[in-house]
Amino acid sequence: RPRGVGPVTCLQVDGVTVELPAGATLLDAARAAGAELPSLCHDDRLRSVGSCRTCLVHADGRTVAACVTPAASGMTVDTVGEEVRNLRRDAVALIASALPRYALADGTPSELAEACRTLDIAPDTAAGTPGRGHDETHPYVRLDRDLCIACGRCVRMCADVQGTFALTLTGRGADTVVAPGTGGPWAESDCVACGGCVDTCPTGAIAQPGPGRGLTSRRPDPDRVRTTCGYCGVGCTLDVVVRDDRVTAVLPARDGAVNRGHACVKGRFSYGYLTSAERLTEPLVRRDGVLTPVGWDEAIGVVAEGLRAAVAQGGPDAVAAISSARATNEENYLVQKFLRTVIGTNNVDNCSRLCHAPSAAGLTASFGRAGGTDSFDDVETADCFLVVGANPVEAHPVVGARLLQRALDGAALIVADPRGVGLARHADLHLRPRPGTNVALFHGLAHVLVDEGMADPGFLRDRATGLDELTTLLADYPPARVAGITGVPATDIREAARLYGRAERPAVVYGLGVTEHLHGTDGVRTLANLPILRGAVGGTGRGFGISPLRGQNNVQGASDMGALPDLLPGYGRVTDPDARARAEAVWGRPVPPTPGMRIPEMFEAAREGRLRALWIIGEDVCATDPDSRRVAAALDACPLVVVDELFLGETARHADVVLPVASWLEKDGTFVNFDRRFQRVRAAVRPPGSARSDFAVVHAVATALGADLGCPTPADALTECGRTAPVLAGLSHARLDREGAVPWPCPSPDRPGEATLYTEEFATPDGRAHLCAAPYLPPGEEPDADYPLLLVTGRRWAHYNSGSMTRHGANLMLDPHGRLDLHPQDAARYGVRDGTPVLVHSRHGQARLIARVGLDLAPGQVFCAFHFPDERVNSLTSEHADTVTSCPEYKVTAVRLRPAGPEE
Ligand SMILES: Nc1nc2c(c(=O)[nH]1)N[C@H]1C(S)=C(S)[C@@H](COP(=O)(O)OP(=O)(O)OC[C@H]3O[C@@H](n4cnc5c(=O)[nH]c(N)nc54)[C@H](O)[C@@H]3O)O[C@H]1N2
Ligand SMILES: Nc1nc2c(c(=O)[nH]1)N[C@H]1C(S)=C(S)[C@@H](COP(=O)(O)OP(=O)(O)OC[C@H]3O[C@@H](n4cnc5c(=O)[nH]c(N)nc54)[C@H](O)[C@@H]3O)O[C@H]1N2
Ligand code: SF4
Ligand code: FES
Ligand SMILES: [Mo]
């Protein structure tokens, strides 16, 4: 009980004294006293409506609904008296009586059935006649209208927590029933399958089909395996229910540090891939050109022999590895340790290269550290959100939902995105910059901040540097000129700057629309100028800095662990003798002092015959790296390509050895989410066939080379990592098992990690935040007469990156193929009709997609995702990359299009 925190309410419930924080209700009080009340229209995640009357209690002599009655000090509450118990019993029995018999059948797991059992309501009380029918059109959500009691929890969950507003109550009186707002079948509704309605429904009217039916997060259950979602960087805490070594349901944890009882279609339902017949179950080695199943010993032997040969012929730097932002911290730690200490090269990189490498570089230059500056918890107190080049409603749905709620609650919302993304519909201002013009836009905003006196002179004087240089540069970026470059009207630039500039606690949130550009690092740095100018960073209480919505489940962690060619665990530079010495002392082996190759350099070296062995651990480079035809050529030129995979994807098909590995639901370790929280990952089921964890595979290869990597378990690996990296020294599995989530920096086991960074000083060499005066430079690709359209690529809600996991499960029913979004004017101009195939050509390749004509994009711009490798979207994208970090310019490609012929 939170004694001493804020004002406390003290009252008597059934003779027991309870103390509660301010704002508590009598339902909270009853629970605190150990009383079990039914509460069929209530869910802790929702505002109470008090409509079902099943939670009645006596309070100071009056009969009241406990869920909507505030607890007040001195009250006397009776929940056990026979009269009030009978009132509750009658209310529940009345509700149950309208339902069909099976609603209360033996063992039914619903909240209603449980309430009936507690109140001794006989199962035959349920005596309604079924007949309203089912909706079974959706793979993850099944509606049984006969079980609906019209409590409205699902509708409120969808609106108030998820923000999708897909559901409504229709009909009158006793015939009231939930229905998709669009009127038709569930599968064609706006539902994005977050599972909120399924999780709150008290009767099972809305339930997951199959063995997970009726399971909800309401009661904590020690048999459930607590883990962290392995899809996106939000890092939702999930509870996995397992029967007979199969996952039957994945439930959102109500006490999840980030998600608090919410999740999205991926974490909640997309585990069908686990048991897909196409999962790799045994190692494959290429024999006479054909990938052939072999035993593990043989496969590991081939890998070890190939690595030895590569080193013999080209030295250690002829070997490289791409580590996985999907894998655990411990696996990434081991991979980089293997490359550095067993092979003797710094040639190790991870998918962050394709994603938020510009964030790491830019935020380090501006503030000193490679992560976001503040904590996601601050969304509750921020009063203005500037969301730039991010589509969290689809890509980070739990974050998107919270941002949407805050906007609906009155926080100001500015969205800067060329497309009409989900959040833009609810924004106070939607700025639509031409793709590739961010730096000009950010300077335009900064110009107005400075020009109109909204900067913070004290903060700039005491805690920042670079103001003079920036001010000089900003003279060239008045809103009128910026409007010319970006296409955003000057009045909107001014208004956005004022909203951000006058807010009391503004927060900047951004995504790949900032980083995946020729000048992505400049984009990050010039965006970071805004909170610096405002003094809204560094724990000043005047705002919440800047947070990148990092993408993959563990892309932050893969980099934190040093799976990078220039950085060791905890971001010590390989060129820094002190950092090397720290690692060498722990590893007992020398660390090479020169930075290794980045991913694109690895491919170039392979094409030129300098790279002789490439180990790719969980990245489908042939599908997801840009200019994919040249990536495939690189793999084909490399004498040994080893791939650790779940599926035989595009990349695995080019490999010499394919090793089947465990996925996030099948192994132990930790991930780091987008706001730097370490969280535990735990195996819920065994991997299929003889598949092993990447952790075990790296150990096995090292052993075959006669080396011992130490740290036999993931727990040992994290502890050892802490010894090499002072900022991670306070972390351990034991601590995370106790505390749930711990953010880094975390130098000490007995002090909390730092959720808010830089409260004393910035981590730059001079302790100050550095403003950036980089000028706007145009993108690498521009439309011309041959390629008149600008293609932006990004994400869709139902699929994940290469799609390897989401396509091998029922998400394929939700989104069966890739689509090219285009404006009606462009559709008319190029003779393309909605729903028909189009061929898209760039200077690099060709893709085939289905056209979707709509108003999400401005004329001259088209958009598609890259979740269906067969469609070859990444043959279109170019090798242009961020000048600082080599992050590909995925967001700007010049293309042309035409209708596809029947055979094309
Ligand atoms: N469902 C789903 N969720 C995912 C993923 C997935 O594949 N599917 N992938 C995960 C990964 S790895 C990542 S990195 C994240 C990515 O998450 P996001 O960064 O949110 O994703 P994107 O859709 O790639 O790009 C974001 C937005 O940038 C905009 N944009 C493009 N160019 C510009 C520009 O020049 N300026 C501005 N201001 N905006 C621009 C695009 O229109 C797009 O809406 O999502 C993660 N979550
Ligand atoms: N056109 C375009 N292309 C893009 C982007 C874009 O916006 N536009 N975004 C880029 C971004 S941000 C990213 S992050 C990349 C993502 O690109 P990838 O990293 O290639 O994509 P994923 O599908 O996330 O995962 C890669 C592979 O890892 C496997 N895998 C999953 N879990 C594990 C595991 O635990 N161990 C191992 N060994 N393998 C595992 C999956 O089966 C999958 O094949 O795509 C990039 N490509
Ligand atoms: S929001 Fe991200 S972390 Fe949460 S369930 Fe969805 S994919 Fe998983
Ligand atoms: S739970 Fe209190 S009235 Fe429904
Ligand atoms: Mo990413």
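No lab work stands behind these numbers, since they all come straight from the coordinates. Since the model is a prediction, treat every value here as computed from it, not as a measurement. Note: ideal-geometry Cβ built from the backbone for every residue, glycine included; neighbour counts use all protein chains shown.
For this structure, a couple of remarks:
- Relative exposure of Trp186, Trp296, Trp615, Trp664, judged by other C-beta atoms within 10 Å (fewest first): Trp296, Trp186, Trp664, Trp615
- Per-peptide average of other Cβ atoms within 10 Å, ordering 32-41, 355-364, 581-590 highest first: 355-364, 32-41, 581-590
- As computed over segment 568-704, the Cα convex hull volume per residue (Å³): 152 Å³
- CD proxy at 222 nm, helix term only [per DSSP H run n ≥ 4: -39500 (n - 2.57); per residue of the chain; nearest 500]: -7500 deg cm²/dmol
- Student exercise, segment 789-899 dipole from Lys, Arg, Asp, Glu Cβ charges, in Debye to nearest 20: 260 debye
- Additional length obtainable on full extension of the chain from Arg653 to Arg751, 0.36 nm per residue less Cα span: 30.5 nm
- Nearest-0.05 FRET efficiency for Arg833 and Arg172, computed from C-beta distance (R0 51 Å): 0.75
- The residue among Cys201, Thr118, Ala411 whose Cα reaches farthest toward the positive pole of the charge dipole of the chain, with charges on the beta-carbon of Lys, Arg, Asp and Glu, is Thr118.
- Between helix 694-704 and the chain: long-axis angle, C-alpha atoms, 0 to 90°, nearest 10: 40 degrees
- Coordinate range along principal axes, alpha carbons of segment 357-548, Å, largest first: 40, 36, 31
- Folded to 0 to 90 degrees: helix 520-534 orientation relative to the chain principal axis, Cα: 50 degrees
- Each residue of segment 564-576 was assigned a 3J(HN,Hα) from its phi angle through the Karplus expression (A = 6.51, B = -1.76, C = 1.60, θ = phi - 60°), giving 9, x, 10, 10, 8, x, x, 6, x, 7, 5, 7, 8 Hz with x at Gly and Pro.
- Radius 9 Å from Cβ of Arg142, net charge of other residues (Lys, Arg +1; Asp, Glu -1): -2
- With K and R counted +1 and D and E -1, the other residues having a Cβ less than 13 Å from that of Val379 yield a net charge of -3.
- Calculated FRET efficiency for the pair Glu188/Ser276, C-beta based, R₀ 35 Å, to 0.05: 0.85
- Label reach from Arg723 (point 7 Å along Cα→C-beta): in segment 338-358, amide nitrogens under 16 Å belong to 338, 341.
- Rounded to 5, the percent of DSSP beta bridges in the chain classed as antiparallel: 55 percent
- Projecting label points 7 angstrom from Cα along Cα→Cβ for Arg219 and Ala707 puts them 5.1 nm apart.
- Convex hull volume of the chain per residue (C-alpha atoms, cubic angstrom): 170 Å³
- Degrees separating the helix 397-408 axis from the principal Cα axis of the chain, which is the longest one: 60 degrees
- Put a plus charge on the Cβ of each Lys and Arg, a minus charge on the Cβ of each Asp and Glu, and nothing anywhere else: the dipole of the chain about its Cα centre is then about 640 debye.
- Förster radius 45 Å - calculated FRET efficiency between Asp784 and Thr118 (Cβ-Cβ, nearest 0.05): 0.05
- Burial ranking of peptide ranges 640-650, 769-779, 262-272 (average Cβ count within 10 Å, highest at the top): 262-272, 640-650, 769-779
- Note on Arg62 and Thr381: the model spin-label points, each 7 Å out from Cα along the C-beta direction, lie 3.5 nm apart.
- Remark: the Asp409-Arg843 segment gains 151.6 nm on full extension, using 0.36 nm per residue and subtracting the alpha carbon distance.
- Among Ala395, Gly689, Val421 the positive-end extreme of the charge dipole of the chain (Cβ point charges): Val421
- Taking a ≥ b ≥ c as the square roots of the eigenvalues of the Cα gyration tensor, an a/c ratio of 1.5 or more together with a/b no larger than b/c marks segment 789-899 as oblate.
- Sorted on the mean count of surrounding Cβ atoms within 10 Å across their residues, most packed first, peptides 712-722, 691-701, 756-766 read 691-701, 712-722, 756-766.
- Centroid-to-centroid separation of segment 810-844 and segment 144-185 [C-alpha atoms, Å]: 33 Å
- Net charge over other residues, Cβ less than 10 angstrom from the Cβ of Gly669 (K, R count +1; D, E count -1): -1
- Put simply, segment 127-275 fits an ellipsoid with semi-axes of 26, 16, 14 Å; these come from the alpha carbon gyration tensor as the roots of five times its eigenvalues, largest first.
- Across segment 249-376, the volume of the C-alpha convex hull divided among the residues equals 188 Å³ per residue.
- Listed by chain and number, the lysines whose alpha-carbon sits under 24 Å from that of Lys337, ignoring those within fewer than 8 places in the same chain, are Lys667.
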